[in-house]
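Trainee: This is the structure I have questions about; it appears just below.
The values are calculated or read from the model by the stated rules, or taken from the named source; none is laboratory data. Predicted, not measured: the structure shown is a model, and the values here were computed from it. So basically every Cβ, Gly included, is an ideal-geometry build from the backbone, and we count neighbours across all protein chains shown. Protein only, heavy atoms only, side chains kept; ligands, DNA and RNA dropped before computing areas. Shrake-Rupley method; radii C 1.70, N 1.55, O 1.52, S 1.80 Å.
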Amino acid sequence: MIHIRNFINGAFSDGSEGKVFEKRSPLNNEVIASISEASKSDVDIAVASAGAALKGPWGKMTMEQRVEMLCAVADEITRRFDDFVAAEVADTGMPQGVSRHMCARGAANFKVFADVVKNVPTEFFETATPDGRGALNYAIRRPVGVVGIVCPWNAPLLLMTWKVGPALACGNTVVVKPSEETPQTAALLGEVMNKVGIPAGVYNVVNGFGPASTGEFLTTHPGVSAITFTGETRTGAAIMKAAADGARPVSLEMGGKNAAIIFADADLDAVIEGTMRSAFMNTGQVCLGTERVFVERPLFEKFVAALKTAAEKLKIGVPTDPSVTMGPLISREHQGKVLSYYKKAVAEGATVVTGGGIPDMPGDLANGAWVQPTIWTGLLDTATVCTDEIFGPCCHVFPFDGEDEVIERANNTAYGLSSAVWTRDLARAHRVAAQVEAGIVWVNSWFLRDLRTAFGGAKNSGIGREGGVHSLEFYTELKNICVKL
Ligand code: NAD
Ligand code: 6OD
């Protein structure tokens, strides 16, 4: 069993109150790690260290020096890639191939934002003045300060570095609160930071829970100038309330109940491949994943049969087996939640096309957080499993008859994170994509990411956009300087 400590002011430390919590393996529910919980005073020290680093060595570096260091962080993540993958796999249970894909983003998130800050243009205006001499206006960007980063468990390294990368590239310092379920990669990143010589206090990690624990201590801390969060919508709302004290900016990436819209002219093989990934990748624990699948009626039966065949070919098992394509859920607690939705679907009259229960697992794996990939048909759009975010390997497939109808039905949700539209008719693809209420719409693809593009959710799925120059809007203060000539 390993022990994970907090990383504060460049050093690993146990919590000052001596509190420790356990992390259990998703594979068999055995305890695999003990984690030091940061106390309120540990969070105070972390925030103070971040503030001091901002005024000290980090704040005094040129942008070029910072960018060079962040590229070194990316290189060191790549050098220790197998360690990151092993840590992430142990925490989450995701198949190694999935984790390798996710962890590669850990390095990319530093490289890309190092590039973005180097190349960002600024605005400049020549202004007329009454005396005819004129004035020059130009804008510069300054860091916002200490950024509090609160992370979820489903893609721990990717989602943490997606915030840490741009925050540091813009000259801020950070205090990160990893999910209590996935503390390992945040700790490893502390080792990386020290190895490449990032000054103490620039990157801090405080472990713990949400309410009345580290998450709340961090988000209510007056020394934190901005808060960026990824997680459930109701947690985001609580964090927004905390940020209101001190009128601090928030960036919130939250839940989804995303729709795929599949027209009968779509390339069926591509649609099945894309829908398999969007419904079942990472055991359905992807915020951008598809839990509502709308299929144009002429293709409906064929699509359901093909998706069922493909889902039944998923190989469930331990992540270290390279032939395994689906691991367990994150925890027994989450398994209970997902299984309760499997029951509700049946109670509300769903036809279970495949799955609906727990797979038979040998030996101690029977204690793990396994569920079957599950497909339903036959429910109304308003059924509980068609409206709540489940965050498991499941989807409901509905037939539809027309473009206007499907747009209305796809938009009939409180969420608005992403959507995937599948058709060979380009004009229709543009029409539908423009009308779907979501921050991201993929056409004939899913989870194809370019980190320079805007990322975020509409409606209850988010507030603000990050990615490329949009991240600069959150992680910097834009200052206008007006020079009278
Ligand atoms: P969660 O909201 O339960 O927890 C996220 C983090 O917030 C954890 O670190 C938790 O300890 C902390 N937290 C909880 N309550 C808090 C409080 N009151 N104050 C401060 N911190 C608090 O989410 P989760 O279960 O870890 O992740 C799954 C959810 O995340 C899903 O809803 C999923 O859709 C969403 N998600 C969204 C995106 C996106 O980009 N939109 C990406 C990944 C996951
Ligand atoms: O690709 C990203 O930048 C991103 N934020 C992905 C989110 C995945 C959610 O599970």
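Trainee: Give all pairs with beta carbons closer than 9 Å in which a residue from the range 461-472 that is charged (D, E, K, R) meets a residue that is within 11 Å of ligand 1 (Cβ to nearest atom) and part of a helix (DSSP H, G or I); count only pairs at least 6 apart in sequence or on separate chains.
Mentor: Qualifying pairs under 9 Å: 466/162; 466/163.
Trainee: Being of a type outside the set (Phe, Trp, Tyr), outside any strand (DSSP E or B) and either within 13 Å of ligand 1 (Cβ to nearest atom) or buried (at least 21 other Cβ atoms within 10 Å of the Cβ) (or both) is the filter here; which residues of the range 454-475 pass it?
Mentor: Going residue by residue through the range 454-475, those that are of a type outside the set (Phe, Trp, Tyr) are 454, 456-473.
If we keep only those that are outside any strand (DSSP E or B) too, we end up with 454, 456-457, 460-461, 464-465, 467-473.
Once the filter is applied, which keeps residues that are of a type outside the set (Phe, Trp, Tyr), outside any strand (DSSP E or B) and either within 13 Å of ligand 1 (Cβ to nearest atom) or buried (at least 21 other Cβ atoms within 10 Å of the Cβ) (or both), the range 454-475 yields 454, 456, 457, 460, 461, 464, 465, 467, 471.
Trainee: Going by the conditions given, is residue 163 closer than 26 Å to residue 86 by Cα, of a type outside the set (A, V, I, L, M, F, W, C) and open to solvent by 20 Å² or more (accessible area, probe 1.4 Å)?
Mentor: Values: closer than 26 Å to residue 86 by Cα: yes; of a type outside the set (A, V, I, L, M, F, W, C): yes; open to solvent by 20 Å² or more (accessible area, probe 1.4 Å): no.
Here the answer is no, as residue 163 does not meet what is asked.
Trainee: If you don't mind, another one. Can you name every residue in the range 359-385 that is under 23 Å from residue 91 (Cβ atoms) and in contact with a Phe, Trp or Tyr (Cβ under 6 Å, 6 or more places away or on another chain)?
Mentor: Hits for the range 359-385 are 359, 361, 373.
Trainee: If we only count strands (runs of 3 or more DSSP E) wholly inside the range 187-288, which ones have 1 or more residues that are over 23 Å from residue 107 (Cα atoms)?
Mentor: Working: elements: 203-205, 226-230, 250-253, 258-262.
In the range 187-288, the matching strands (runs of 3 or more DSSP E) lie at 226-230, 250-253, 258-262.
Trainee: If I go through the range 224-247 residue by residue, how many of them are at negative phi and out of contact with any strand residue (DSSP E or B) (no Cβ under 6 Å at 6 or more places or on another chain)?
Mentor: Start the filter on the range 224-247 by keeping residues that are at negative phi, which leaves 224-230, 232-245.
Then drop every residue that is not out of contact with any strand residue (DSSP E or B) (no Cβ under 6 Å at 6 or more places or on another chain), which leaves 232-235, 237-238, 241-242, 244-245.
Number of matching residues: 10.
Trainee: Also, I was wondering about something else. Among the residues of the range 431-453, what is the count of those that are within 22 Å of residue 257 (Cβ to Cβ) and part of a helix (DSSP H, G or I)?
Mentor: Qualifying residue count, the range 431-453: 4.
Trainee: Related question: So which residues in the range 446-485 are of a type in the set (S, T, N, Q) and more than 24 Å from residue 165 (Cβ to Cβ), if there are any at all? Walk me through it before giving the result.
Mentor: The first filter runs over the range 446-485 and keeps only residues of a type in the set (S, T, N, Q), leaving 453, 460-461, 471, 476, 480.
460, 480 - these are the residues of the range 446-485 that are of a type in the set (S, T, N, Q) and more than 24 Å from residue 165 (Cβ to Cβ).
Trainee: Right, here's the next one. Is at least one residue of the range 289-303 β-branched (Val, Ile, Thr), more than 23 Å from the chain's Cα centre (by Cα), at negative phi and assigned to a strand (DSSP E or B)? Lay out the reasoning, then the answer.
Mentor: Restricting attention to the range 289-303, the residues satisfying the condition of being β-branched (Val, Ile, Thr) are 290, 293, 295.
Add one more test, that the residue is more than 23 Å from the chain's Cα centre (by Cα), and what stays is 295.
Applying the additional criterion that residues be at negative phi yields 295.
Keeping just the survivors that are assigned to a strand (DSSP E or B) gives 295.
Yes, the range 289-303 has at least one match.
Trainee: Filter the range 216-226 down to the residues that are closer than 19 Å to residue 463 by Cα and near ligand 1 (Cβ under 9 Å from one of its atoms), then identify the one that is least open to solvent (accessible area, probe 1.4 Å).
Mentor: Among those residues, the one meeting the criterion is 219.
Trainee: Between 478, 448, 426, which is surrounded by fewer than 15 Cβ atoms within 10 Å (Cβ to Cβ) and under 28 Å from residue 312 (Cβ atoms)?
Mentor: Exactly one residue qualifies, and that residue is 448.
Trainee: Residues of the range 429-445 being out of contact with any helix residue (DSSP H, G or I) (no Cβ under 9 Å at 6 or more places or on another chain), more than 11 Å from ligand 1 (Cβ to nearest atom) and open to solvent by 20 Å² or more (accessible area, probe 1.4 Å), which ones?
Mentor: Taking the range 429-445 as the starting set, the residues that turn out to be out of contact with any helix residue (DSSP H, G or I) (no Cβ under 9 Å at 6 or more places or on another chain) are 429-430, 433-434, 439-440.
Filter again for more than 11 Å from ligand 1 (Cβ to nearest atom), leaving 429-430, 433-434.
Passing the criteria: 430, 433, 434.
Trainee: With more than 23 Å from residue 454 (Cβ to Cβ) and crowded, with 21+ Cβ neighbours inside 10 Å as the only criterion, which of 124, 84 stands out? Can you show your working first?
Mentor: On the way: 124 fails: crowded, with 21+ Cβ neighbours inside 10 Å.
Matching residue, one of 124, 84: 84.
Trainee: Taking into account only those residues within the range 267-301 that are of a type in the set (Val, Ile, Thr) and within 16 Å of ligand 1 (Cβ to nearest atom), which is surrounded by the fewest Cβ atoms within 10 Å (Cβ to Cβ)? First the steps, then the outcome.
Mentor: Residues of the range 267-301 that are of a type in the set (Val, Ile, Thr), as a first pass: 271-272, 275, 283, 286, 290, 293, 295.
Next, only the ones that are within 16 Å of ligand 1 (Cβ to nearest atom) stay: 283, 286, 290.
Details: 283: 32, 286: 23, 290: 26.
Of everything passing the filter in the range 267-301, 286 is surrounded by the fewest Cβ atoms within 10 Å (Cβ to Cβ).
This table checks each residue for (1) at pLDDT 95 or above; (2) open to solvent by 10 Å² or more (accessible area, probe 1.4 Å); (3) more than 10 Å from ligand 1 (Cβ to nearest atom); (4) touching a Phe, Trp or Tyr at 6+ places or on another chain (Cβ under 6 Å).
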residue	(1), (2), (3), (4)
168	yes, no, yes, no
171	yes, no, yes, no
199	yes, yes, yes, yes
202	yes, no, yes, yes
210	yes, yes, no, no
228	yes, no, yes, no
236	yes, no, no, yes
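Trainee: Follow-up question, since we're still on this one. Could you tell me which numbered condition residue 146 fails, if it satisfies all but one of (1) within 26 Å of residue 83 (Cβ to Cβ); (2) surrounded by 22 or more Cβ atoms within 10 Å (Cβ to Cβ); (3) out of contact with any Asp or Glu (no Cβ under 8 Å at 6 or more places or on another chain)?
Mentor: Among (1) within 26 Å of residue 83 (Cβ to Cβ); (2) surrounded by 22 or more Cβ atoms within 10 Å (Cβ to Cβ); (3) out of contact with any Asp or Glu (no Cβ under 8 Å at 6 or more places or on another chain), residue 146 violates only (1).
Trainee: Looking at the structure I just gave you, is residue 315 more than 26 Å from residue 381 (Cβ to Cβ), over 16 Å from the mean Cα position of the chain (by Cα) and within 16 Å of ligand 1 (Cβ to nearest atom)?
Mentor: no
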